[in-house]
Amino acid sequence: MTRAELTASGLQADASRQAPSSRAEAPPGATLAAVRGAALDVRALPSFAFGARSMMWWATLGLMLIEGTVFALTLATYFYLRSHVQVWPPQEPPPDLAVGTGLTLLLLVSVWPAMRAKAAAERLDTGGVRLWLTISTAFSILVLVVRAFEFGHLNCRWDSDAYGSVVWMLMGMHTFHLLTDAYDTLVLNVLFFTGPLEGRRYGDVGENAMYWYFVVFSWLPIYAVVYWAPRLG
Amino acid sequence: MRFAPALIVRRFGLPHRRIPAMTRAGLPAAAGLSWVASATAAPASAGLGHGWQDALNSAGPQAAHIQDLWRLMLWMCSIVFALVLAAFLLALWRAPRSRPDTAPDLEAKQRPEAGIRRTVVTATVVSAALLFVLIVASVWTDRALARMSTSDALHIDVTAHQWWWELTYDDPDPSRQITTANEIHVPVGRPVLVTLHADDVIHSFWVPNLAGKKDLIPGRTSQMQFRADRAGVFRGQCAEFCGVQHAWMAFDVDAMPPADYEAWAAAQRQTPPAPSDPLLARGRQLFLSSTCVMCHNVAGTTASARKGPDLSHVGSRRTLAAGALPNDAGSLAAWIRDPQKIKPGNNMPAHDFAPDDMKALVAWLESLK
Amino acid sequence: MTLRDAAAPVDVNDVPPSPDQVRSLVRTWSDPPGWLGWISALNHKTIGKRFLCTAFGFFILGGLLAAAMRLQLARPRNHLVGPDLYDQLFTMHGTTMMFLFAVPVMQAVSIYLVPLMVGSRTIAFPRMNAFAYWIYLFGGAMLYVAFALDIGPDAGWFAYVPLSGPDYSPGKRVDFWAQMITFTELSGLLEAIILIVTVFKLRAPGMTLNRVPLFTWSMLVTAFMVIFAMPSVMLASTALITDRLVGTHFYNPAEGGDALLWQHLFWFFGHPEVYMIFIPGLGFVSTIVPTFSRRPIHGYPAMVIALIATAFLAFGLWVHHMFATNVPELGKGFFTAVSMMIAIPTAVQIWCWIATLWTGRLNFRTPLLFVLAFFFILLMGGMTGLMLAAVPLDLQVHDTYFVVAHLHYVLFGGAVFPLFGAVYYWFPKYTGRLMSEKLGRWNFWLMFIGFNVAFFPMHLLGLAGMPRRVYTYPDMQGWGRLNAISTAGALLLVVSVALFLVNVWRSRRHGEVAGNNPWGGATLEWATTSPPPAHNFDAIPVVYSRDPLWDGAPREGQPSHVGGLAVGQREVLVTTLLDAEPDHRPVMPNPSPWPFLGAIATTILFIGSIFTPWAVVWGMVPVAITLTAWFWPRKRDAAAHLALEQQP
């Protein structure tokens, strides 16, 4: 039986039902599946979904768990190495506060366009997605530029001592995530202008925003450790 | 055991079909066979329990406490193993046979199976209790090991190198310090406190007849202690993979009656005199004019490098090359001529001296007692 | 606004599907032909079989390495193999078995089986699945090429610093090892995500978490362990690479680094790693025991909780590998306690299996024999594990052959024997033919006897003072005799594995035809043909029971299968997490060469960065290109998806 025939036979989902205010709050598919004889008929189910209903959301979560574990272990390494010496940093001043703090504020601000892009995507608002993704891309490039300056103001080298090594490892790992997420955002951004688009791309925007949140919020403990641990300990 | 299945049938009233004899008897038979085959090798080999690099032949309190713990754990684990295996084998023995098309027993889902659940819970509780006993036994042994008194201990400083052991007998009077290599002598009955350093990579100091092992880690200093309560030579070996000659990084612990120990220590403190015998003098001269002096120290000569083992009393040792060779003229000559043949990859270069020269050199070195 | 084009008719499956619909499904889900099809293949069964063959290939290589070691050790002061080659042999053996065989083979079996077991047409993220396979293959190949060129790693599979650092392991040997870690960890982590998402989101309707088969539970638990443990070794090996390549000082005590940092990071991964190998084995046992006892397992909830508890506790044991170092004594006591306590969930599982066997009706075929051997061998390994957990006793037997015996008893007994049982069990599903029962019994007995003769004497050797990782030993106190016996057992093992390979090879063509369910199993993979069609199930079943093929028939008025999924596109049904209610019906991607090309680009980056750090920078360019091409939707695919589209 083809879908056209089914439409004609009236078994399609009721189009007069009002669209919910947020796609993420749409009723679960279970209420849309119907029993027809021996068949559990799933034709009326949506073909994409937002949030924890989607597979990509779980993949992003998995990635966050993995990278979060790496960051946590590297932070633990920082404190482990620190516990072995009396003076920390051993031979250099702590990283300059200005650039690092500036970058942190910039990152926090950049959460806003990501949130707007996600919200636009969940409304299937292509124009809104284009706008806010472009702003997000611009922010991520700006952040990368500031991060490049930040490396020059760390006041240590990766090969000077174990302190320098672990600081550069923390910064390097986070920069790697900034780079890959910036590139991700750029590609998605371009795709929303060129097409071809389909429903799942709107879900991708949400997952991209979620990963950006992770990149920003995982930075906060790293910032605290790199910039404040040597000053406060 | 042929009548056992019949007994079980009567007891539990279950239908029972014969399981092929091979399968029924095979598993335990094969297990027993392979166990017996390998376990009889143990008493057959003159080793276990009598050896001189042997954790089950304790010669001091540290190893003795551990051996006690081993016995307890061996008994408990063997009994539990046997009981569980018995339950398991009994389950196999008494079970009726089935085929892939035998209808599965779905009532198992409806039945509460309370009796089985009780057994499982009881078994779990008993397991936990026994594990707790083992934890207590372990902690007990730990504390016994820590209780060994170290008052009036002999202090030895061990620095591990790739692939030899540098030993310094500490003494508040510097003139009474002894520096040697690869062979530790201790008086019977006196505690020994060993401070452990590593010069290059991680090694591990292990002499099983006397104590458990302790790692020597670059950048860290650690300590262990032992006491030999009977005389004898006990072999130790590096027990942490440290590179290409890890296999030949052994050392001796020679536990001697106190008087003998004092005699040995006095001899070690003496500077070997310049030899009067022309052969020995020639050997000494050869040593001092070769690259030997780049790595080795001999007291009373100008050779004072510390990259390799101290040779001041090398003639008095039982082995050469950290346990790789016996200490005799032939072995020493072979070692000097081509160390790479005996311990490939080690840090000593070859010296292919002329036969007469080699004879003199070896004679002199062997005279350094 | 609807995105769907209502005018384009789309064929969807009826229940039961018509022959035309089945043909369409086969066409849709099959791999494309030709060499382009070979690198573009995405079908999870294809990837699963490749993965399994590659993993077994590494098993055989690793075994041959061990045979060479055993021949060298058969006599004291033997000269068959010199120290340099021997050090490479034991490093390659350990590395192969732990990184290239033990975890990947479990993932390989899961890639094939889990979608079938949960009633899905596919695995999640099929292109990432293909990519993960290629990365694994290329990483393993790199390592063996290095070995073949006599620049294989030689610092042990655990590569302790400072021995593996720049000062004491010059050259590229250890760099190849460290970068192999990067390859295999990337592959393993991606597979873990894939498995978790498959189990969480692609289960057939009605398969609530309470009805998920125990093997699937064990793989889910293992996947979570991978996610939390593998990052540790990635961090450790990255720090090692930077110490060696660009002069960082993580492990250099002279500049504030610490040699023990490596051990903490490595074993924080390393201990969960052995449970990542062991827990899938438990899953095999929990599948084979009920099938061959003709009854459901006793205590399913306890079994699930035991798996989770074991995985959780496994993260609290790692310092027991470091008892001989100078970590604080009080800390060691804590790790003794946890190392003993982890025996409790395993004990619970053992009691439940014995209870199932006790009240079952047993079919003593080869799969069950291998699983019965598990009880014997794993139990003994567990006993020696308890001994090793006690610090004082560990200080005697640590780094001796006692540990070699222990680890082989638990890994061989806990994972390899169940794995062989699993191969005999599922071979008919993969190929449509049963393996020879006669050869199977010979395989089994030779392996059981060979294993015990090879490894039991090692307990005695360790107590008798023989350390590990030695290329030879002096002629003392019976070491020679025990070693000779062990070597004889090892050779028996080689013969038994050779028999296994003969059995596999012959049975593929000449084995007895199996039919759908030769063993009378209960789980969904037996509900389809042997081998399954490209689309797994003509119609996705609706699940009503933990043992769907035993008592899972729907009642009056209840649907038996899912209808309405497109047959011309790779449309799948995503269900909810807890109760597996139908949720939405996305379309899976079509075959694509980009995962393969992306793996090539990534391989170039990884291998290049062994030689220069700039390879990371320049290597990112082809990686970015291939990954972008992978992601970028094709117009034709997008149009096809739009034809099926329905908004939430």
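Please state which of the following conditions B:PRO191 fails to meet, knowing it meets all the rest: (1) farther than 18 Å from C:MET476 by Cα; (2) facing another protein chain (nearest Cβ under 10 Å). Here B:PRO191 meets the rest and fails (2).
Taking segment B:97-126 as the range and being more than 14 Å from C:ASP551 (Cα to Cα) and either of a type in the set (A, V, I, L, M, F, W, C) or in contact (Cβ under 8 Å) with a residue 24 or more places away in the chain (or both) as the test, the residues that pass are B:ARG97, B:ALA114, B:ILE116, B:VAL120, B:VAL121, B:ALA123, B:VAL125, B:VAL126.
Flag: C:ILE600 matches the condition of being open to solvent by 30 Å² or more (accessible area, probe 1.4 Å) and either assigned to a loop (DSSP other than H, G, I, E, B) or closer than 30 Å to C:THR248 by Cα (or both). Contact map, segment A:125-141: first residue touching a residue at least 24 places away in the same chain (Cβ under 8 Å) and basic (Lys, Arg), second residue surrounded by 16 or more Cβ atoms within 10 Å (Cβ to Cβ) and not in a helix (DSSP H, G or I), Cβ cut-off under 7 Å, separation 6 or more or different chains; the map is empty. The residues of segment B:151-195 that are polar (S, T, N, Q) and open to solvent by less than 60 Å² (accessible area, probe 1.4 Å), listed by number, are B:THR159, B:GLN162, B:THR168, B:THR179, B:THR180, B:ASN182, B:THR195. The condition of being at pLDDT 95 or above, open to solvent by less than 10 Å² (accessible area, probe 1.4 Å) and assigned to a loop (DSSP other than H, G, I, E, B) holds for B:ALA211. Regarding C:LYS438, is this residue within 14 Å of another protein chain (Cβ to nearest Cβ), in contact with a Pro (Cβ under 9 Å, 6 or more places away or on another chain) and assigned to a helix (DSSP H, G or I)? No. Out of all the residues in segment C:534-541, is one or more in contact with a Gly (Cβ under 8 Å, 6 or more places away or on another chain) and in a helix (DSSP H, G or I)? No, the conditions are met nowhere in segment C:534-541.
For every residue, the table says whether it meets (1) assigned to a helix (DSSP H, G or I); (2) touching a residue at least 12 places away in the same chain (Cβ under 8 Å); (3) open to solvent by less than 50 Å² (accessible area, probe 1.4 Å); (4) facing chain C (nearest Cβ under 7 Å).
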{"residue": "B:HIS197", "(1), (2), (3), (4)": "no, yes, no, no"}
{"residue": "B:ASP200", "(1), (2), (3), (4)": "no, yes, yes, yes"}
{"residue": "B:VAL207", "(1), (2), (3), (4)": "no, yes, yes, no"}
{"residue": "B:TYR261", "(1), (2), (3), (4)": "yes, yes, yes, no"}
{"residue": "B:LEU286", "(1), (2), (3), (4)": "yes, yes, yes, no"}
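Taken over segment A:190-211, residues that are in a helix (DSSP H, G or I) and within 11 Å of chain C (Cβ to nearest Cβ) amount to 9.
Per the conditions (1) out of contact with any Asp or Glu (no Cβ under 9 Å at 6 or more places or on another chain); (2) in a helix (DSSP H, G or I), the sole criterion not satisfied by C:PRO428 is (1). Being within 14 Å of chain C (Cβ to nearest Cβ), open to solvent by 30 Å² or more (accessible area, probe 1.4 Å) and not in a helix (DSSP H, G or I) is the filter here; which residues of segment B:326-369 pass it? B:PRO326, B:PRO344, B:GLY345, B:ASN347 - these are the residues of segment B:326-369 that are within 14 Å of chain C (Cβ to nearest Cβ), open to solvent by 30 Å² or more (accessible area, probe 1.4 Å) and not in a helix (DSSP H, G or I). Against the criterion of being polar (S, T, N, Q), under 21 Å from the mean Cα position of the chain (by Cα) and open to solvent by 40 Å² or more (accessible area, probe 1.4 Å), A:THR185 does not qualify.
With respect to the conditions (1) within 11 Å of another protein chain (Cβ to nearest Cβ); (2) open to solvent by 10 Å² or more (accessible area, probe 1.4 Å); (3) over 30 Å from C:HIS398 (Cα atoms), C:TRP526 lacks only one, and its number is (2).
Considering only segment B:91-109, state which residues are within 8 Å of chain C (Cβ to nearest Cβ), open to solvent by less than 70 Å² (accessible area, probe 1.4 Å) and either polar (S, T, N, Q) or part of a helix (DSSP H, G or I) (or both). The answer is B:ALA91, B:LEU92, B:ARG94, B:SER98, B:THR102, B:ALA108.
Name the single residue, out of those in segment C:328-385 being outside any helix (DSSP H, G or I) and closer than 30 Å to C:THR400 by Cα, that is most open to solvent (accessible area, probe 1.4 Å). For segment C:328-385, the residue satisfying everything is C:PRO328. Closer than 30 Å to C:PHE59 by Cα, assigned to a helix (DSSP H, G or I) and not hydroxyl-bearing (Ser, Thr, Tyr): is that true of C:ASN503 in this structure? It is true that C:ASN503 is closer than 30 Å to C:PHE59 by Cα, assigned to a helix (DSSP H, G or I) and not hydroxyl-bearing (Ser, Thr, Tyr).
Tell me, yes or no, whether segment A:88-100 has at least one residue that is part of a helix (DSSP H, G or I), within 21 Å of the chain's Cα centre (by Cα) and closer than 19 Å to A:TRP158 by Cα. Looking through segment A:88-100, at least one residue is part of a helix (DSSP H, G or I), within 21 Å of the chain's Cα centre (by Cα) and closer than 19 Å to A:TRP158 by Cα. When segment A:163-173 is filtered for residues that are open to solvent by less than 10 Å² (accessible area, probe 1.4 Å) and in contact with a Ser or Thr (Cβ under 7 Å, 6 or more places away or on another chain), the ones remaining, listed by number, are A:SER165, A:VAL166, A:LEU170.
Note on segment A:161-184: among residues that are under 15 Å from A:TYR78 (Cα atoms) and among the hydroxyl-bearing types (Ser, Thr, Tyr), the one that is nearest to the other protein chains (Cβ to nearest Cβ) is A:SER165. Among the residues of segment B:340-351, the ones that are more than 25 Å from the chain's Cα centre (by Cα) and closer than 17 Å to B:CYS295 by Cβ come to 5 in all. Among the numbered conditions (1) at pLDDT below 55; (2) more than 9 Å from every other protein chain (Cβ to nearest Cβ); (3) surrounded by fewer than 14 Cβ atoms within 10 Å (Cβ to Cβ), the only one that B:MET22 does not meet is (2).
Of the residues making up segment C:621-639, not a single one is in a loop (DSSP other than H, G, I, E, B), away from every other protein chain (no Cβ under 11 Å) and surrounded by fewer than 21 Cβ atoms within 10 Å (Cβ to Cβ).
The residues in segment B:45-79 that are at pLDDT below 95, more than 20 Å from B:GLY189 (Cα to Cα) and facing chain C (nearest Cβ under 8 Å) can be counted, and the count is 6. Any residue that is open to solvent by less than 20 Å² (accessible area, probe 1.4 Å), of a type outside the set (Ser, Thr, Tyr) and in contact with a Cys (Cβ under 9 Å, 6 or more places away or on another chain) - is there at least one of those in segment C:300-313? Scanning segment C:300-313, I find at least one residue that is open to solvent by less than 20 Å² (accessible area, probe 1.4 Å), of a type outside the set (Ser, Thr, Tyr) and in contact with a Cys (Cβ under 9 Å, 6 or more places away or on another chain), so the answer is yes.
Scanning segment C:257-311 for residues that are in a helix (DSSP H, G or I) and in contact with a His (Cβ under 8 Å, 6 or more places away or on another chain) returns C:GLN263, C:TRP267, C:GLY270, C:HIS271.
Of the residues making up segment C:28-55, those that are part of a helix (DSSP H, G or I), free of Cβ contacts under 8 Å to residues at least 40 places away in the same chain and of a type outside the set (A, V, I, L, M, F, W, C) are C:GLY34, C:THR46.
Restricting to segment C:19-43, count the residues that are open to solvent by 40 Å² or more (accessible area, probe 1.4 Å) and not basic (Lys, Arg). Within segment C:19-43, residues that are open to solvent by 40 Å² or more (accessible area, probe 1.4 Å) and not basic (Lys, Arg) number 11.
The values are calculated or read from the model by the stated rules, or taken from the named source; none is laboratory data. From a predicted model like this one, the values you see are computed outputs, not experimental measurements. Heads up, the Cβs are rebuilt from the backbone with ideal geometry, glycines too, and the neighbour counts pull from every protein chain shown. To get the accessible areas, we keep the full protein, side chains included, count just its heavy atoms, and leave off ligands, DNA and RNA. Shrake-Rupley method; radii C 1.70, N 1.55, O 1.52, S 1.80 Å.
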